[in-house]
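Any read-out appearing in this document is the output of simple, stated calculations on the displayed coordinates, not a laboratory observation. Quick caveat: nothing in here was measured; it's all calculated off a predicted structure. We place every Cβ from the backbone using ideal geometry, glycine too, and count neighbours over all the protein chains shown.
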Amino acid sequence: MRKSLLALAAGLLIAGSVSAASAADKLKVGFIYLGPIGDLGWTYQHDLARQALVKELGDKIETTYLENVPEGPDAERAIEQLVRAGNKLIFTTSFGYMDPTLKVAKKYPNVHFEHSTGYKRDKNMSTYSAKWYQGRYIQGLIAAKMSKSGVLGYIGSFPIPEVVSGINATVLAAQTINPNIKVKIIWANTWFDPGKEADAAKALIDQGADVIMQHTDSPAAMQIASERGKFAFGQDSEMIKFGPKTQLTSILDTWGPYYIARVKAELDGTWKSEDTWGGLDSHMFAMAPYTNMPDDVKKMAEDAQAAITAGKLHPFKCPVVGQDGKPVECKGGANLDDGQILGMNFYVKGIDDKLPGK
Amino acid sequence: MELVEAIILAVLAASTPLLIAATGELVTERSGVLNLGVEGMMIVGAACGFAGAWLTGSIFIGALFGIVAGTLMSLIFALMALGLAVNQVATGLALTILGVGLSGLIGARFVGERITPAAHLYIPGLTDVPLIGRVLFGEDAFVYFSLALIVAVWWFLYRTRPGLILRACGDSHVSAHALGYPVLRIRTFAVMFGGACAGLAGAYLPLAYTPFFIPGMTAGRGWIALALVVFSSWRPGRLVIGAYLFGAVTILQLHAQGWGVGIPSQFMSALPYLATVIVLVLLSRARTGGSTAPAALGTVFVPDR
């Protein structure tokens with residue numbers, strides 16, 4: 001008995017040291033998350049991508065994540081903690097981590113950083129984001145077709161260019177179907193507050209909107225639309241569970257392929273600082289199945305998706321007319337250029353509301 | 001007219017969790033204890049309330065789960081802050097941090113699940129009366145309960161002897177102790193009542209407001225409830241005004257944005273806070289002799305033996 005126990009202990013020791021040795025050989029990859037991984041939205045999708053990464057390269061890498069990391073000075077400490085733990089490639093997955101990431105990146109030139117949705121880069125710090133406005137354009141087409149009242153309801157988080165370009169893309173698309181389409185916009189001034197998002201959805205529906213779109217993170221609006229028998233679009237992730245007869249489609253963040261490509265580059269030693277802003281063609285995001293709509297609307301959506309993917313259709317095709325009735329300067333030739341879209345701070349013609357702060 | 005009714009219904013739904021949580025904290029603070037852990041107790045109440053309802057299919061049992069969870073959380077606070085005489089502010093903040101983490105752990109299993117929300121009252125004839133029918137006779141049980149609760153608390157605090165003793169503990173624990181009242185025991189009950197209310201308020205969110213659980217879904221409502229208690233100068237009547245005013249301005253500013261009134265949304269979002277603070281400050285200035293903070297609020301009491 002005693003002998004076998006000893007053998008067992010020895011075996012465990014060997015096993016322990018072996019796994020430690022292999023762990024030392026593995027590339028350590030770290031992630032900083034804004035929300036809890038159970039938020040069913042933004043952070044959840046980043047973690048799905050991390051899981052895909054582990055599935056693909058699990059024998060060569062080891063991943064660590066820190067969730068619920070607030071944007072600001074705390075983030076700097078969290079990122080540094082990952083560096084000290086030996087992570088060689090670190091993904092910081094929210095806009096507000098931009099300056100903290102840059103600060104840590106300058107301090108540790110041998111560690112590589114990937115910052116999501118920001119615009120500051122360095123030798124060892126890349127940025128990556130997705131052209132979600134392309135998906136919003138498809139949603140605008142569907143919304144205009146599905147709306148009986150001709151009034152769309154839009155819940156915004158904060159009036160930043162990413163959200164504003166989404167609203168504009170939606171409206172431009174909807175106007176191609178119904179030139180008189182109306183869009184009511186309510187800013188929740190938060191990314192995540194299920195109660196407030198639900199209240200905003202109720203207000204929009206009570207004011208006559210019958211298709212609800214959101215740029216906030218929880219499924220609350222979807223669930224209210226479902227309760228009231230209206231239509232809605234999901235956000236970041238698949239939300240059809242909260243509105244089986246309500247969700248028309250959803251923009252799904254699919255970071256997996258990008259994460260795998262970047263980690264492979266790190267493993268090969270070919271990683272270099274880049275600025276990636278990918279659209280439907282590069283699979284940075286995907287559209288959830290087109291559901292709860294007639295076949296002709298579905299076909300229209302699929303055609304638009306194919307055209308955008310192939311580069312034949314651009315949501316911000318010139319002329320883009322601003323609220324003042326004047327066309328916006330066309331810097332990209334046939335369409336607005338990336339800089340104009342990334343910094344978009346105006347509403348297009350047809351939106352009655354005023355952009356906050358303008 | 002339908003829109004007015006819809007707005008009032010939304011206001012009641014938005015105000016109810018604030019009112020319930022604030023009612024509990026008002027009693028706690030009236031006994032002289034400052035429990036800053038309302039947000040933590042609420043979110044654990046939300047997770048457990050949803051778990052209870054999802055597992056049993058009963059909203060009532062879900063609400064009970066929420067109440068029990070909030071009470072258990074408050075007992076942790078009572079043990080530390082009353083039993084071991086630890087600083088109340090620090091303990092309360094720690095309770096919130098603990099609650100946020102714990103609720104994520106409890107709720108992880110239930111993220112993405114749905115339940116049927118709490119049923120609304122329906123009395124044929126009465127509920128169908130235009131404009132006021134659904135407002136008065138078409139709410140869920142939580143709304144009626146919250147109003148009954150605050151009336152009961154008012155009656156208890158100002159019209160009963162135990163209520164007087166509880167207030168005495170809050171104003172001067174030394175005197176109450178000298179008169180032979182078990183200060184710590186009374187405060188423990190007050191803290192437990194606060195926990196039960198916070199748990200129920202948290203449970204209201206996934207059981208009636210937005211029928212799913214998601215970590216962090218209280219989104220700061222516990223802090224708003226705490227602030228309401230202070231600005232109501234610890235008076236039940238003003239608490240009702242404050243809670244409904246806050247809910248009303250929250251909903252109205254959303255509607256105003258939908259109508260496109262052209263006021264910056266950042267200002268609109270700040271409006272509920274501004275309006276509530278201004279009105280409650282004016283109220284407490286208008287009536288002289290109104291009670292202010294319980295004199296012994298937040299102070300540690302160790303009875304001499």
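Inter-chain Cβ neighbour count for A:238-244, averaged per residue, equals 2 (cutoff 10 Å, partner chain atoms only).
For the protein assembly as shown, the list of Cys residues with no other Cys C-beta under 4.7 Å reads B:C48, B:C169, B:C197. Counted as membrane-span-like here are DSSP H helices of chain A whose alpha-carbon atoms extend 30 Å or more along the helix's own axis and whose Kyte-Doolittle mean is -0.5 or above; these are A:2-25.
For the pair A:K272 and B:L131, label points projected 7 Å from Cα toward Cβ lie 7.3 nm apart.
With N counted as the residues of the protein assembly as shown, its alpha-carbon radius of gyration over 2.2 N^0.38 Å works out to 1.06. Pairs of Cα atoms in region B:131-258 fall into 10 Å distance bins, from 0 up to the last occupied one, in shares of 10, 33, 35, 16, 6, 1 percent. Highest mean packing first, where packing is the average number of other Cβ atoms within 10 Å per residue, the peptides B:159-168, A:218-227 line up as A:218-227, B:159-168. The listed peptides A:90-98, A:113-121, ordered by packing as a protection proxy, come out as A:90-98, A:113-121 (highest mean of other Cβ atoms within 10 Å first). Length gained on full extension, B:H120 to B:L105, computed as 0.36 nm times the residue gap minus the Cα-Cα distance: 2.3 nm. Dimensions of region A:149-210 along the principal axes, based on C-alpha atoms and rounded to the nearest Å, stand at 33, 28, 11, largest first.
May I ask you to list the lysines whose Cα is less than 29 Å away from that of A:K196, ignoring any residue fewer than eight positions away on the same chain? Answer for A:K196, where 29 Å is the Cα cut-off: A:K131, A:K145, A:K148, A:K182, A:K184, A:K230, A:K241, A:K245, A:K349, A:K354, A:K358, listed by chain and number.
Viscosity 1.306 mPa s, temperature 10 °C: what is the translational diffusion coefficient of region B:215-300 from Stokes-Einstein with a Kirkwood Rh over Cα pairs, rounded to a whole number of µm²/s? Result for D is 111 µm²/s. Which net charge results when you count Lys and Arg as +1 and Asp and Glu as -1 among the other residues whose beta-carbon is under 10 Å from that of A:A75? Taking every Cβ under 10 Å from that of A:A75, the sum is -3. Averaged over the residues of B:213-222, the number of partner chain Cβ atoms lying within 10 Å of the residue Cβ comes to 6. Taking other Cβ atoms within 10 Å as a rough exposure proxy, A:E329, B:E5 sort from fewest to most as A:E329, B:E5.
Can you give the Rg to Rh ratio of chain A, both from alpha-carbon atoms, with Rh computed by the Kirkwood formula? The Rg/Rh ratio comes out at 1.05.
Projected label points at B:V277 and A:D324, each 7 Å from Cα along the beta carbon direction, are separated by 3.6 nanometres. Partner shielding of A:184-197 amounts to 6, given as the average count of beta-carbon atoms from other chains within 10 Å of each residue beta-carbon. Treating each Cα of chain B as an identical point scatterer and summing with the Debye formula, the log10 of I(q)/I(0) at q = 0.06, 0.16 Å⁻¹ comes to -0.20, -1.31. Normalised by residue number, the volume inside the convex hull of the Cα atoms of region B:203-242 is 74 Å³ per residue. Placing a label point 7 Å from the Cα of A:N178 along the Cα-to-Cβ direction, the residues of region A:112-156 whose backbone N falls under 19 Å from that point are A:136-155.
Of the peptides B:201-209, B:113-121, the order by per-residue mean of other Cβ atoms within 10 Å, starting with the highest, comes out as B:201-209, B:113-121.
Converting the Cα gyration tensor eigenvalues of region B:33-145 into ellipsoid dimensions via √(5λ) gives semi-axes, longest first, of 34, 18, 10 Å. Provide the FRET efficiency to the nearest 0.05 for the B:F60-A:N345 pair, computing r from the beta carbons and using R0 = 35 Å. The calculated FRET efficiency here is 0.10.
Distance between the pseudo-spin-label points of A:D352 and A:T309 (7 Å out from Cα toward the beta carbon): 3.8 nm.
In the calculated pair-distance distribution of region B:150-216, the portion above 13 angstrom amounts to 70 percent of the Cα-Cα pairs.
Compute for region A:303-354: radius of gyration divided by Kirkwood radius, i.e. Rg/Rh, restricted to C-alpha atoms, rounded to two decimals. Result for region A:303-354 is an Rg/Rh of 1.01.
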